[in-house]
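Colleague: What follows is a single structure, and I will ask about it in a moment.
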Amino acid sequence: MGEYRMPSLGADMQRGVLGHWLVKPGDRVSRGDIIAVIGTDKADIEAEVFEDGVVERLLAKPGDELPVGAVLATIRGDAGPPAPNEPSAPAPPPAPASVRASPLARRLAAEWHVDLASIAGTGPGGVIERHDVEAAAKHVPPPEPARPGASEPSVALSGMRRAIAVAMARSNWEIPHYYLETSIDMRTALAWLEQANAVRPLKDRLLPAAILLKAVVRALAIVPELNGHWVDGQPRSSAAIHLGVAVALRQGGLIIPCIRDAGPRSVDDMMQGLRGCVERARSGRLRTSDLSDATITVTNLGDLGVEVVHGVIYPPQVALVGFGRIRERPWAEDGMLGVRPVLEATLAGDHRASDGRDGARFLDALDKLLQKPDTL
Amino acid sequence: MTKSEIEAAVFAALRQIAPEVDPTAIDRELPLRDAAEIDSFDFLNLLIGIQERLGVEIPEADYRRISTLDSLIAYNSVFAANTAPFPPLAYPPAES
């Protein structure tokens, strides 16, 4: 008999909250089916099951907070015998008419002073989810300003902010960072992109981020020391590349979903992978497979107008790639001065796992790859 | 379609990607990316939402013409009108 346990959805996750079940005893499930929504500090995650079988017993109830690894349900594999008939427990009394909402929706509603009882949920079974609270939030008047002279109320850290604080403090404490940056002429890459998009329907259009990610993956094949983890005092390079992508959330905060097995993906596949991650992250529908440990993270703040990103590596990863805004700059080549669209690319490296020469080779490879976008 | 119908469609597409933004309250002459704090992903999804509602597929070469809310509505007002099929030609032409 299989046991479905509270998954680990982040390097620092200790506990999670079962939001609600999407299956009941007797339901048949297949590997990859989403069977529950689990709340963490950062987001509500759609949790997938990793085996085929039939749901036997649900051992956790909505709202239960349990440590990572706690058994949440039992699933009978197709080959296993059914569990002996147990006398069914008396049905619990119906809960008082409380509002059904995901843990993340509850937290956002509290932060934004939105009354959950006034919202019609659009999630499964009428559950209120994050986008329902977002839609309701814009109609809420701002809270009363404090009277002059009143002392500032202390602001409790939101769950997400707390998670980010813990991860960033740990990174700066543990990881000896080195930083490198380089300017990349994007004229050829952007021209290639424009041609590629001219023959693609709108929904398949490629963003510059897709070719940047593809170039990162190709450059990592040349400098594999940057792709992996630092564990128990040793570097552990990874054969597969799972690209963490830093996604800014509209109400603030950051989440790092992961494009799994990015190595063999074409630029179009990379764009679809990126699109899936960003949309699921922003609508609060991330899946467990989105949050499995990335082997490297890419952060792209170019859209906000920031030119250079000197980021902080997310442990236990050993590198972070940053892309700033593409902007027109004077560019000297062959003794002539021109204007080119230039991108500042940065690498933050863990000096225990790699050194400046590795980082420089990586950025050099990235540059060369982006000058030949048709070979990506 | 009337201009206000086109405006309503653009507003609906904008609300879908930025539900907390009130399209009637933002500065229509500022670049939309700043006025509504949307990034390149949001912008692409906005265009997809507009295409679903108005049938207009905006080529990438025209992005610089639609950077503000006003210019986006004006662009769609021109091109949404032109997506209606032309009436069939009579052939051979009627003899005068």
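The values are calculated or read from the model by the stated rules, or taken from the named source; none is laboratory data. These figures come from a predicted structure and were not determined experimentally. Counting neighbours? That spans all protein chains shown, and the Cβs are built from the backbone with ideal geometry, glycine included. Accessible surface areas use protein heavy atoms only, side chains included; no ligands, DNA or RNA. Shrake-Rupley method; radii C 1.70, N 1.55, O 1.52, S 1.80 Å.
Colleague: Grab the eigenvalues of the alpha-carbon gyration tensor for the range A:175-234, scale each by 5, take roots, and send me the semi-axes largest first in whole angstrom.
Modeller: 32, 15, 9
Colleague: What is the local net charge at A:Gly338, summed over the other residues whose Cβ is closer than 13 Å to its Cβ (Lys, Arg +1; Asp, Glu -1)?
Modeller: -1
Colleague: On to the next question. Evaluate the relative contact order of the range A:273-348 (contact order divided by residue number), counting alpha-carbon pairs under 8 angstrom at least 6 apart; express in whole percent.
Modeller: The normalised contact order for the range A:273-348 reaches 26 percent.
Colleague: Over chain A, with a Gaussian network built from C-alpha contacts below 10 Å, which listed residue (A:Trp230, A:Trp173, A:Trp112) shows the highest mean-square fluctuation?
Modeller: For chain A, modelled as a Gaussian network with Cα springs under 10 Å, the answer is A:Trp173.
Colleague: If you don't mind, another one. Using the Kirkwood formula over every pair of different C-alpha atoms, what hydrodynamic radius in Å results for the range A:194-262?
Modeller: 14.4
Colleague: What FRET efficiency, computed as 1/(1 + (r/R0)^6) with R0 = 56 Å and r the Cβ-Cβ distance, is obtained for B:Ala61 and A:Lys24, rounded to the nearest 0.05?
Modeller: 0.60
Colleague: Over chain A, what is the mean sequence separation of C-alpha contacts under 8 Å (at least six apart), divided by residue count, expressed as relative contact order in percent?
Modeller: 17
Colleague: In deg cm²/dmol, rounded to 500, what helix-only [θ] at 222 nm does chain A give when every DSSP H run of at least 4 residues adds -39500 (n - 2.57) and the total is split over its residues?
Modeller: After summing the helix terms and dividing by the residues of chain A, the value is -7500 deg cm²/dmol.
Colleague: Another one. With the calculation restricted to Cα positions, what are the radius of gyration and Dmax of chain A in angstrom?
Modeller: In Å, with Rg to one decimal and Dmax whole: 23.7, 87.
Colleague: Report the Cα-based extents of the range A:250-376 along its three principal axes, largest first, to the nearest Å.
Modeller: 53, 33, 31
Colleague: How big is the range B:1-77 by the Kirkwood estimate over distinct Cα pairs, in Å?
Modeller: One decimal place: 12.2 Å for the Kirkwood radius.
Colleague: Probe radius 1.4 Å, ligands and nucleic acids left out: can you give me the accessible area buried at the A-B interface, summed over both chains, in Å² to the nearest hundred?
Modeller: Buried area between the two chains comes out at roughly 1900 Å².
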